[in-house]
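Okay, so here's the structure we're looking at.
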Amino acid sequence: MFAKIHEIEYKTILAVCDKEYIGKTFEEGNICFTASERFYKGEEVTKDELEKMLTENNSANLFGNKCVSIALEKGLVGEKSIIVIKGIKHAQIYRL
């Protein structure tokens, strides 16, 4: 998995994508999603590192079955808030 932190004013957005999807575009119905390198490709992280990062940032944008499953295991996202594009899970987490 790749993770990249984007800082916007006083907030942070954690962008995470399973390694195999970086740079690819997926279309299903009226959804067209690109896992852009510019947004997602940062440092390669382990499950433990990702678990820690998910609790340290204001929001997260996750694309991939592995990274979304980790957020599910930690109770940070629910099944109802996940969308599936071509069999690949996508979720967003916001902390207010």
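Just so it is clear, none of the values below were taken in a lab; they were calculated from the coordinates. What you are looking at is a predicted structure, and each value in this text was computed from that prediction instead of being measured. When we count neighbours, we look across all protein chains shown, and the Cβ atoms used for this are built from the backbone with ideal geometry, even at glycine.
Quick notes on this structure:
- For region 4-60 versus region 65-96, the spacing of their alpha-carbon centroids is 12 Å.
- In Hz, Karplus ³J(HN,Hα) per residue of region 5-15 (6.51, -1.76, 1.60; θ = phi - 60°; x = Gly, Pro): 9, 10, 9, 10, 6, 9, 10, 10, 10, 9, 9
- Set against the labelled values (1) 1.54; (2) 1.62; (3) 1.00, Cα Rg over 2.2 N^0.38 Å computed from this structure falls on (3).
- Cβ crowding within 10 Å ranks His90, His6 as His6, His90, fewest other Cβ atoms first.
- Scanning residues 5 or more positions from Lys24 or on other chains, those with amide H under 5 Å from its amide H are Ala35, with H placed 1.01 Å from N in the peptide plane.
- This model, with +1 at the C-beta of Lys and Arg and -1 at the C-beta of Asp and Glu, gives the chain a dipole about its Cα centre of some 160 debye.
- For the residue pairs Lys4/Lys66; Lys19/Lys80; Lys52/Lys74, alpha carbon separations beyond 19 Å are given by Lys19/Lys80.
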